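Derivation of every value follows stated rules applied to the coordinates shown; laboratory data play no part. Not measured: the values here are computed from a predicted model. Here Cβ is always computed from backbone atoms with ideal geometry, including for glycine, and neighbour counts include all displayed protein chains.
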Amino acid sequence: MRFMLLFSRQGKLRLQKWYTATAERDKKKMVRELMQIVLARKPKMCSFLEWRDLKIVYKRYASLYFCCAIEEQDNELITLEVIHRFVELLDKYFGSVCELDIIFNFEKAYFILDEFLMGGEIQDTSKKSVLKAIEQADLLQEEDESPRSVLEEMGLA
Amino acid sequence: MSDVVEKTLTALPGLLSLDSQPGSNKLSSSSKLGNLIRGITELTSKHEEEKLIQRELTSIKEQVSSPNTSMRQMKELMVRAIYCEMLGYEASFSYIHAIKLAQQGTAREKRVGYLAVSLFLNESHELLLLLVNTVLKDLQSTNLIEVCMALTVVGQIFPKDMIPAILPLVEEKLNHPKEIIRRKAVLALYKFYLIAPNQVQHIHNKFRKALCDKDPGVMTASLHIYLQLIEENPEGYKDLTTSFVTILKQVVGGKLPMDFNYHSVPAPWLQIQLLRILCLLGKNDQSTSEIMYEVLDESLRRAEINHNITYAILFECVKCIYTIHPKSELLEKAAKCIGNFVLSPKINLKYLGLKALTYVVQQDPKLALQHQMTIIECLDHPDLIIKRETLELLFRITNAQNVTVIVDKMLEFLRINKDDYTTIDLRMERKL
């Protein structure tokens with residue numbers, strides 16, 4: 001995968017993850033262009049389109065568009081499922097996720113994304129193990145007293 | 001689990017509203033990030049947004065440069081900086097502080113620091129070198145979460161020239177008792193392979209070990225590397241074909257733990273990776289292809305459930321069948337599959353059906369002709385993407401008999417849609 005974008009129906013970017021080194025200016029341009037194209041699509045239309053030398057797979061969940069750019073030889077349908085899996089993970093983590101959750105806790109969304117889509121490749125790990133890894137990291141505190149016992153109890157130290 | 005949470009919560013003295021609660025609780029509404037976001041949403045013009053963000057950035061800049069800022073506050077500042085950058089404003093003054101945060105912060109701060117680094121910097125950035133020491137230190141930490149964080153960052157972004165410094169540490173993690181660390185180590189090595197293949201030449205036997213790892217997650221991770229290796233040199237890995245076939249058999253037969261099921265389909269992404277690998281191995285090679293016929297047949301049969309993911313697997317399977325040495329029964333079943341896709345009312349499947357037809361038309365022109373009527377109908381489809389795909393397909397199935405009809409249809413189409421289809425038109429002309 002080259003990159004993943006999340007943006008609202010009004011064209012506000014909520015999350016962007018790039019898996020290849022791209023210059024800032026190019027990134028901005030691509031994001032702008034892509035948002036325009038995707039937002040212009042009507043609801044019943046195909047979820048795949050070709051843009052520049054990439055394939056774009058997008059899906060809308062409530063007010064958020066999830067948009068991925070994949071290479072020529074990648075399978076579009078599976079990318080659609082990658083998006084769906086991401087949404088499922090977010091939903092499980094936040095409990096009935098809505099756009100606001102992602103907006104106000106976007107760094108958590110990034111953590112989840114990084115855990116299951118490492119370096120642009122989907123890891124076919126169980127949903128449970130992804131969420132467990134995130135929750136364990138979440139439970140860490142800055143105070144010295146508790147982390148030791150928490151980690152020990154989890155068998156990680 | 002609940003009394004662990006209890007314990008940690010009570011240990012937190014006076015939780016500041018700056019920090020978010022563990023788990024899924026929402027960020028408290030009086031946080032600075034919350035205020036910033038709310039502030040932006042209330043604005044009506046781009047100009048006002050710029051002013052607000054610039055003010056915000058100036059304030060962040062002051063605070064990050066002040067010696068009195070604690071790591072905890074720094075964490076919060078970084079999150080805001082990430083947000084501003086995401087909106088398109090430049091906050092490069094914060095990059096060095098992100099690295100410092102990863103270096104000096106404790107676990108949660110480190111996590112945000114690493115995240116900020118992976119979002120702000122890219123491979124060629126000079127500041128990235130400063131990250132190396134932090135990563136090296138964290139890889140040797142007794143706190144496994146820090147090791148995980150370090151491996152995650154390494155798998156995303158790392159300066160090529162420093163790979164030799166970190167390679168032995170990452171290699172060592174391949175033997176770690178915890179599967180999550182082994183998995184992340186494999187992925188880090190995959191990243192190294194992508195950016196500097198000659199640096200990881202000597203550890204190919206370790207990849208084999210990862211392939212046979214008892215944890216399916218680690219095994220899946222190793223497949224990414226194998227796919228890459230096999231793409232470059234299929235001959236070198238033909239001996240692994242039986243292993244891959246066995247793994248696929250086990251997955252399709254439901255031998256993996258239930259956890260790996262996605263909507264009652266066992267480990268779909270793993271299946272697809274394996275299918276891709278088998279496709280590359282069996283191409284133009286009859287004996288290797290023969291090893292895989294049975295499992296491909298099995299995959300086709302198993303994929304009965306009506307879910308997108310099943311179709312994705314079918315698509316990949318079909319592609320594989322058409323690429324490797326042909327076997328008539330399999331081809332027949334695959335052809336039927338494609339037919340179902342094209343005739344499907346679901347628009348995404350139709351698209352894939354058309355794409356598949358385009359792919360197989362060289363080997364099996366009859367198939368496309370069988371569905372000629374549906375294809376012609378697709379030309380009138382309201383969705384532009386389908387139309388375009390149909391044109392592409394039509395161009396390929398043109399032969400002496402149907403060329404007039406097809407060209408007529410194309411010209412009619414061009415008359416109505418004056419878009420960028422002149423390229424296809426030109427190609428058509430060349431053929432004639």
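Take the residue pairs A:K17/A:K132; A:K17/B:K319; B:K51/B:K110 and return only those whose Cα atoms are more than 26 Å apart.
A:K17/B:K319; B:K51/B:K110
Which residues make up the longest stretch of chain B clear of GluC sites (Glu not before Pro) that lie in a DSSP loop with no more than 16 other Cβ atoms within 10 Å, not counting the sites?
B:127-303
Counting only trypsin sites (Lys or Arg not before Pro) that are in a DSSP loop and have at most 15 other C-beta atoms within 10 Å, tell me the longest site-free stretch of chain B.
Maximal segment without exposed cleavage sites: B:27-177.
Name the trypsin sites (Lys or Arg not before Pro) in segment A:46-105 that are in a loop by DSSP and that have at most 11 other C-beta atoms within 10 Å, would you?
A:R52
List the pairs from B:K100/B:K209; A:K92/B:K32; A:K42/B:K249; A:K55/B:K137 whose alpha-carbon separation is above 29 Å, in the order I gave them.
Violating the 29 Å limit, Cα to Cα: B:K100/B:K209; A:K42/B:K249; A:K55/B:K137.
Quick check: pseudo-label points 7 Å beyond the Cα along Cα→Cβ at B:K336 and B:S70, how many nm apart are they?
Distance between the two pseudo-spin positions: 6.9 nm.
How well do other chains shield peptide A:92-103, expressed as the mean number of their Cβ atoms within 10 Å of each residue Cβ?
For this peptide, the per-residue mean of nearby foreign Cβ atoms is 2.
Once you treat every alpha carbon in segment B:26-178 as an equal point and sum by Debye, what is log10 I(q)/I(0) at q = 0.09 Å⁻¹?
The computed values of log10 I(q)/I(0) come out as -0.33.
Among B:C279, A:C68, rank each residue by its count of other Cβ atoms within 10 Å, from fewest to most, as a rough exposure measure.
By the 10 Å Cβ count, ascending, the order reads B:C279, A:C68.
May I ask you to evaluate 6.51 cos²θ - 1.76 cosθ + 1.60, the Karplus curve with θ = phi - 60°, for each residue of segment B:134-151 and list the ³J(HN,Hα) values in order in whole Hz, giving x for glycine and proline?
4, 5, 4, 5, 5, 5, 9, 5, 7, 7, 5, 5, 5, 4, 4, 4, 5, 5
Per 20 Å bin from zero, what fraction in whole % of the C-alpha pairs of the protein assembly as shown is there, up to the bin with the longest pair?
P(r) for the protein assembly as shown, in whole percents per bin: 19, 50, 27, 4, 0.
Assign unit charges at the C-beta atoms only (+1 for Lys and Arg, -1 for Asp and Glu), then state the dipole size of the protein assembly as shown relative to its Cα centre in Debye, rounded to the nearest 20.
Rounded to the nearest 20 debye, it is 840 debye.
Could you give the size of the charge dipole of segment A:1-152 about its Cα centre, using +1 on the Cβ of each K and R and -1 on the Cβ of each D and E, expressed in debye and rounded to the nearest 20?
Its charge dipole is roughly 1100 debye.
Would you kindly give the portion of the calculated P(r) for chain B that falls above 32 Å, as a percent of all Cα pairs?
Result for the distance tail: 57 percent.
Identify unpaired cysteines across the protein assembly as shown, taking unpaired to mean no other cysteine Cβ lies under 4.7 Å from the residue's Cβ.
Singleton cysteines: A:C46, A:C67, A:C68, A:C98, B:C84, B:C148, B:C212, B:C317, B:C337, B:C378.
From the P(r) of chain A, could you give the percentage of C-alpha pairs in the tail past 19 Å?
58
Could you work out, residue by residue across A:106-118, how many beta carbons of other chains sit within 10 Å of that residue's beta carbon, and then give the average as an integer?
5
What do the square roots of 5 times the Cα gyration tensor eigenvalues come to for segment B:209-355, in whole Å, largest first, as semi-axes of the equivalent ellipsoid?
Those come to 24, 19, 13 Å.
Set Lys and Arg Cβ to +1 and Asp and Glu Cβ to -1, take the dipole of the protein assembly as shown about its Cα centre, and tell me which of A:V97, B:L379, B:I347 lies farthest positive.
Of A:V97, B:L379, B:I347, it is B:L379.
Where the centre of each part is set by its Cα atoms, how far does segment A:1-67 sit from segment B:94-148, in angstrom?
28
What is the helix-to-structure angle for A:24-39, meaning the angle in degrees between its Cα long axis and the longest Cα principal axis of chain A, kept from 0 to 90 and rounded to the nearest 10?
Taking Cα atoms only, the helix is inclined about 70 degrees.
Would you work out the charge dipole size for chain B about its Cα centre, treating the Cβ of every Lys and Arg as +1 and the Cβ of every Asp and Glu as -1, and quote it to the nearest 20 debye?
My answer is approximately 440 debye.
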